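I have placed the structure first, in the form of structure tokens, so that the comments after it can refer back to it.
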Amino acid sequence: MRRFRRLRQTEEMRSFVRETSITVRDLICPLFVREGKNIREEIPSMPGVFRYSLDLLDGILTQIIKAGIPAVLLFGIPERKDERGSGAYDPEGITQRAIRLMKERYPSLIVIADICLCEYTSHGHCGLVSGGQILNDETLPLLAKAAVTNADAGADIVAPSDMMDGRVAVIRQALDESGHGNVPVLSYSAKYASGYYGPFRDAAGSAPQFGDRRSYQMDPANAREAFREMQDDLEEGADMLIVKPALAYLDILRTAREKFPVPLIAYNVSGEYAMVKAASQMGWIDERRIVMENLTAMKRAGADRIITYHALDAAGWLSEQ
Ligand code: PBG
Ligand code: ZN
């Protein structure tokens, strides 16, 4: 008789035949920095995730490094927003200053700068706006400036999340021309227009003030188009790719894994985090179990690395095993 259960009898045996494993080295921790002093404010829809002013960054960075998490993904919340999202590419902007500070004190931590305008624009869109339209080509030089100023500050990787066409090529060229030929581009290639970004937009105050992002982010119904986006970003010079969100898009991750021999990163987004937190606070699910199951599913589907707000919790649980 075929007995599949033979290999499931003990934890030692299960562990011996386990196909997928997660380590702390797989995790990337998002980090929100903001203007001001002495601020550490919890994001209401993301319990356990905080916005930090620069003077209070040390605590969280020490925790991240102690936990063995290799990288952070940095988002900035500026004091003032304007039509052109100036804060995104100001050499003295919030992320640029944060990166300088972080690289000075914690040089071994990999700092990934998210490149977009939406946290910095008064209208909340990821590109320039005119006549109710989100302009593509006019936005590109601003994204390139954001990439260069963050690289100047010391960012190890830049990650454009705007979904304008052609941005990877423009960013690559701008980096090369400014002496940052060795700064990799991690492209949010398959980024869907998703309801799962709701809590992030609370966190960053970046909800669009009119309309939505469907004219630039992808339609959740499309898979083939994601591979065209990824192919195109690789041709434009992307070094690594992101699929976002993760859980509802594991099919995209799986197929991308088969098609593209590059580092592939899943973004376990804010809404996915919020659902797990809410249900576990209600006592309806076992948080630790669900988080580890979700992260395992992302790796099993093909992710090499995972951006997740659970990073510190998961690192703690992994160290207990
Ligand atoms: C900015 C950006 C967003 C996220 C990452 N970068 C928000 C958006 O596109 O509206 C989402 C992250 C999350 O939900 O965790 N373009
Ligand atoms: Zn954006």
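The values are calculated or read from the model by the stated rules, or taken from the named source; none is laboratory data. Because the structure is a prediction, the values reported are computed rather than measured. Don't worry about glycine lacking a Cβ; one is built from the backbone with ideal geometry, like all the others, and counts go over all protein chains shown. Please note that ligands, DNA and RNA were not included when accessible areas were found on the heavy atoms of the full protein model with its side chains. Shrake-Rupley method; radii C 1.70, N 1.55, O 1.52, S 1.80 Å.
Worth a mention:
- Taken over segment 182-206, the criterion of being open to solvent by 40 Å² or more (accessible area, probe 1.4 Å) and either over 16 Å from residue 112 (Cα atoms) or not in a loop (DSSP other than H, G, I, E, B) (or both) is satisfied by 195, 196, 201, 202, 205.
- Residue that is farthest from residue 70 (Cα to Cα) [pool: residues in segment 156-188 that are small (Gly, Ala, Ser) and away from ligand 1 (no atom under 13 Å from the Cβ)]: 166
- Of all residues in segment 80-103 being free of Cβ contacts under 8 Å to residues at least 40 places away in the same chain and charged (D, E, K, R), the one that is farthest from ligand 2 (Cβ to nearest atom): 92
- Matching residues in segment 86-99 - criterion: being touching a Gly at 6+ places or on another chain (Cβ under 6 Å) and not hydrophobic (A, V, I, L, M, F, W, C): 87, 93, 95
- Filtered by the rule that a residue be over 16 Å from the mean Cα position of the chain (by Cα), of a type in the set (A, V, I, L, M) and closer than 24 Å to residue 237 by Cα, segment 175-222 gives 175, 183, 218.
- Residue 226 being within 17 Å of the chain's Cα centre (by Cα) and surrounded by 17 or more Cβ atoms within 10 Å (Cβ to Cβ): no
- Hits in segment 266-306 (condition: within 16 Å of ligand 2 (Cβ to nearest atom) and closer than 16 Å to residue 28 by Cα): 267, 269, 270
- Any hit, segment 217-225, residues being at pLDDT 95 or above, within 16 Å of ligand 2 (Cβ to nearest atom), charged (D, E, K, R) and touching a strand residue (DSSP E or B) at 6+ places or on another chain (Cβ under 7 Å): no
- Contact map, segment 43-70: first residue at positive phi, second residue open to solvent by less than 50 Å² (accessible area, probe 1.4 Å), Cβ cut-off under 6 Å, separation 6 or more or different chains; pairs are 68/24.
- The residue of segment 263-286 that is most open to solvent (accessible area, probe 1.4 Å), among those that are more than 13 Å from ligand 1 (Cβ to nearest atom) and within 17 Å of the chain's Cα centre (by Cα), is 263.
- The residue list 130, 122, 108, 86 contains one member that is open to solvent by 40 Å² or more (accessible area, probe 1.4 Å), in contact with a Lys or Arg (Cβ under 8 Å, 6 or more places away or on another chain) and modelled with pLDDT of 95 or more, which is 122.
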